[in-house]
């Protein structure tokens, strides 16, 4: 990938300039496509192509162009499938493929294509579980698991499979609790924990299990408010959940 165009695109994303970021990522894609044409066997260029397509897909989704996003993420996935077929033992390429499956699931979920979204999330989850089994001490592999469990739970909930959704949310919670214990100063681990608590509590509450739900509302509030007290990064979007949590707990 052209590092200059990529960097410019990343900066423009943080500034909220989606159109500018898209132009930069497309410029990077065009350069990498020319390089890949000169040397189709160069796996580095192929991976860079997939990253460019992924970034373009992310911007298109943010712009509401779901069909375009699905096309770009599908192109990234196709490249990554070829790479993993060439070298199944490359954990980095396997991780990339799991990300493509997750991104495709996100777009399909936004389109309301729930069965296909669930299939993509399950494919992503299977890869990540394999990676974790191969390297149980790798925090990066482990950290990716609860996020996909939450997405699986969200699809199952939307499909009306409430019991299945709760199983997925509890799976996310079990992993996120472990991560948070291992690294209390990791903001992402703490964020995954409070979100998992929220998901479990909300589902229990809908199933009229208020007493058990209360325990998870308390844990969600303690984790999120604890992040602020510890000076860990809390996004404005996440901070807005503090008020409804206080209301749940009568604070």
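The values are calculated or read from the model by the stated rules, or taken from the named source; none is laboratory data. Since this is a predicted model, take the numbers as computed values, not measurements. A quick note on method: Cβ atoms are made from the backbone with ideal geometry, for glycine too, and the neighbour counts reach across all protein chains shown.
See the values below:
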{"quantity": "From the options 78, 36, residue that is in a helix (DSSP H, G or I) and modelled with pLDDT under 95", "calculated": "36"}
{"quantity": "Subset of segment 191-204 (residues that are more than 18 Å from residue 179 (Cα to Cα) and in contact (Cβ under 8 Å) with a residue 12 or more places away in the chain)", "calculated": "201, 203, 204"}
{"quantity": "Unique residue being under 23 Å from the mean Cα position of the chain (by Cα) and not in a loop (DSSP other than H, G, I, E, B) when the list is 64, 57", "calculated": "57"}
{"quantity": "Any hit, segment 204-216, residues being assigned to a helix (DSSP H, G or I) and within 18 Å of the chain's Cα centre (by Cα)", "calculated": "no"}
{"quantity": "Hits in segment 45-80 (condition: exposed (fewer than 15 other Cβ atoms within 10 Å of the Cβ) and touching a helix residue (DSSP H, G or I) at 6+ places or on another chain (Cβ under 7 Å))", "calculated": "62, 63"}
{"quantity": "Residue match in segment 92-113 (condition: over 25 Å from residue 142 (Cα atoms) and touching a helix residue (DSSP H, G or I) at 6+ places or on another chain (Cβ under 7 Å))", "calculated": "yes"}
{"quantity": "Inter-residue pairs, beta-carbon under 9 Å, first not assigned by TED's automatic domain parsing to the domain that holds residue 202 and in segment 227-247, second part of a helix (DSSP H, G or I), 6+ apart", "calculated": "none"}
{"quantity": "Of all residues making up segment 163-183, the number that are touching a residue at least 12 places away in the same chain (Cβ under 8 Å) and under 23 Å from residue 229 (Cβ atoms)", "calculated": "8"}
{"quantity": "Total residues in segment 178-201, condition modelled with pLDDT under 95, assigned to a helix (DSSP H, G or I) and more than 18 Å from the chain's Cα centre (by Cα)", "calculated": "3"}
{"quantity": "Selection count where residues are buried (at least 16 other Cβ atoms within 10 Å of the Cβ) and part of a loop (DSSP other than H, G, I, E, B), scope segment 223-251", "calculated": "3"}
{"quantity": "Conditions (1) in contact with a helix residue (DSSP H, G or I) (Cβ under 9 Å, 6 or more places away or on another chain); (2) surrounded by fewer than 20 Cβ atoms within 10 Å (Cβ to Cβ); number of the one not met by residue 34", "calculated": "(1)"}
